[in-house]
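So the structure is just underneath, and the comments pick up after that.
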Amino acid sequence: MLIQANYLLLTSIFFLTLAVAIFSALLLLHPRIPLYIVRIHIGIIAVPPLIALIILVTETTHRILGPWRLDPLAWLMALFVLTIGLIIQRYSVRYLLGDQFYRKYFAFLTITTGAASLTWLCNDLRLLVLCWGITLLGLTKLIGLNKKWQVARNTAAFSGRLFAFSWLILLVSIIWLAQVTGHWQLSLALSENSLKQFAGWERTGINLLLVLAIVIPAAQWPFQRWLLESAVVPTPVSAVMHAGIVNVGGIMLTRFAPLFDGSLAQIFLLCLASISVLLGTGMILVQVDYKRQLAASTIAQMGFMLIQCALGSYVAAIMHLILHGLFKATLFLQSGSAVRHYEKQSKISQRSFFLWKITGVVLGVFIVEASWLTGSREGYQLISSIILGWSLSFAWTRMIAYSQGVIERVVGFIMLGVVAVVFITIHHVLSGVLYTTVYQGVKLPLPIAVSVLFILLLGSVIGMWLARNRSSTSFALLYLWLVRLGDPLPNSSESHPRYLMHYLSRGGNQ
């Protein structure tokens, strides 16, 4: 009883402090609020993620409290979303100081991340749809924050239409689900008895709607354009998109996994996600704008995360969601330091480089075999093993093969060992949290996973061949097509922001 009372107390404190944070954000919308209140506001929003962390560490129980589904996965997502939001807001205190929409930025950012965290705590489907709608609305407001800039307004309008379409599709799928099962509670609607009520076409139809609802905010083909156009927004806004918004597919499909498993929609999602991986990777290689490179990388990474979901590996998808979100948000916040300074490189012995690289390849192959033989030998396990082996081989080449002298290679060995220990530790901790909570999906047959892997490898081989034959017509056509696919729309770019001319003319008159 004492443990339950403490849990209820901590939960109440979490929701209370989150409500206070959102109220504080609403106050910032008033133009007469002093700027120093922003720092107080950031102190307030630091409390909810701290409470979520305490609950996640001390409690492993699954509880349904009114409209809330409070399990380790929900608390992990709340912690992830609110922590990224806190870091970005703290970063923005000086980064955006002097901006005309300074207060509104912090207000909308808090509302967006607050609503996103509540979305994944919801057990009531109606509340889930409402919170997700507020999240998408808040993101749209952030994209169009600078109303005096026509490009920002156009981008916000374009993204907002897609988000509204996505939200309406989700609403239809939720209503359909509730009508079939007779329940608005997610835990009851996805219970074993409720799932037996579905006809085959109903289950497929709802799942196809869910897939369509998530591939839009996940910027998957053919809806990737909005994320590329969002390069015009302030960089912290691009970072906060990775706080459970653009990576919505992983958590949404994990929550609906009992319904999604065994459906034809899995094959449909595999096709869309595989295309997105190839397109995103291709756009990375031809883009010269750093933020668009990061956006294209996100398209490819979200495609791979959705492939994990389609193959039934929801635990791996959640791990990918969290680690990729933290990594990509960091890259966006560091994008101001992305200008490369090229220095003359010392010559490396070709023989030495070749021997060390071959050693890395052999180690990579060994890791692939060890991971496959000691794992579950299911569909996704093959893809995971190959990625792990390739990652080790790539890191070995960068840290060891390119090193010169004994000291550099010793440092490379140490760094590689540290990275390996950190990876194993994080994987162990997240696995302990997720495997007791996340639905263990029905894995698709190994031939399907092999087919996906073959398609991705074939696309890579074709791209490498074209890159080696740059004088060919096929290379030129592919290159120009990828450039055009990633370039901004005419009304979403300006060589010089015209709204600044107003301020320049005023300065000149003075």
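The values are calculated or read from the model by the stated rules, or taken from the named source; none is laboratory data. Nothing here was measured: the structure is a model prediction, and the numbers come from that model. Here Cβ is always computed from backbone atoms with ideal geometry, including for glycine, and neighbour counts include all displayed protein chains. Each accessible area value is taken on the protein alone, full model and side chains, heavy atoms only, with ligands, DNA and RNA left out. Shrake-Rupley method; radii C 1.70, N 1.55, O 1.52, S 1.80 Å.
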Exercise for review: Return yes or no: is S238 over 22 Å from V452 (Cβ atoms) and either in a helix (DSSP H, G or I) or open to solvent by 10 Å² or more (accessible area, probe 1.4 Å) (or both)?
Suggested key: yes
Exercise for review: Pull up region 166-193, narrow it to residues that are under 25 Å from the mean Cα position of the chain (by Cα) and among the β-branched types (V, I, T), then point me to the one that is nearest to W221 (Cα to Cα).
Suggested key: I169
Review point. So which residues in region 479-489 are part of a helix (DSSP H, G or I) and open to solvent by 60 Å² or more (accessible area, probe 1.4 Å), if there are any at all?
Key: Y479, L480, W481, R484
Check your understanding: Is it the case that region 227-246 has a residue that's over 26 Å from K291 (Cα atoms) and assigned by the TED database to the domain that holds H320?
Key -> no
Check your understanding: For region 185-194, how many residues meet the condition of being crowded, with 17+ Cβ neighbours inside 10 Å and either outside any helix (DSSP H, G or I) or of a type in the set (S, T, N, Q) (or both)?
Key -> 3
Point to revise | Matching residues in region 1-46 - criterion: being part of a helix (DSSP H, G or I) and of a type in the set (F, W, Y) | key: Y7, F14, F15, F23
Revision key, fill the gap. Heads up, the helices (runs of 4 or more DSSP H) in region 48-144 (entirely inside) with at least 3 residues that are free of Cβ contacts under 8 Å to residues at least 60 places away in the same chain are 72-95, 125-143
Review point. Hey, does region 241-255 have a residue that's in contact with a Ser or Thr (Cβ under 8 Å, 6 or more places away or on another chain), part of a helix (DSSP H, G or I) and open to solvent by 10 Å² or more (accessible area, probe 1.4 Å)?
Key: no
Review point. Out of the residues in region 145-184 that are of a type in the set (S, T, N, Q) and not in a loop (DSSP other than H, G, I, E, B), which is most open to solvent (accessible area, probe 1.4 Å)?
Key: Q179
Exercise for review: Mind telling me which of the residues V93, V47 ends up being more than 23 Å from the chain's Cα centre (by Cα), over 24 Å from G250 (Cβ atoms) and open to solvent by less than 50 Å² (accessible area, probe 1.4 Å)?
Suggested key: V93
Practice item. Test L168 against the stated conditions and say whether it is assigned by the TED database to the domain that holds L270 and modelled with pLDDT of 95 or more. Key: yes
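Residue-by-condition table, conditions (1) assigned to a helix (DSSP H, G or I); (2) open to solvent by 30 Å² or more (accessible area, probe 1.4 Å); (3) closer than 30 Å to L480 by Cβ:
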position: P217; (1), (2), (3): no, no, yes
position: P222; (1), (2), (3): no, yes, yes
position: L259; (1), (2), (3): yes, no, no
position: S276; (1), (2), (3): yes, no, yes
position: L285; (1), (2), (3): yes, yes, yes
position: A300; (1), (2), (3): yes, no, yes
position: L331; (1), (2), (3): yes, yes, yes
Review point. What number of residues within region 195-215 are assigned to a loop (DSSP other than H, G, I, E, B) and either surrounded by fewer than 17 Cβ atoms within 10 Å (Cβ to Cβ) or outside the structural domain of G303 (by the TED database) (or both)?
Key: 3
Practice item. Could you please let me know if R69 is loosely packed, with under 12 Cβ neighbours inside 10 Å and in the same structural domain as L86 (by the TED database)? Key: no
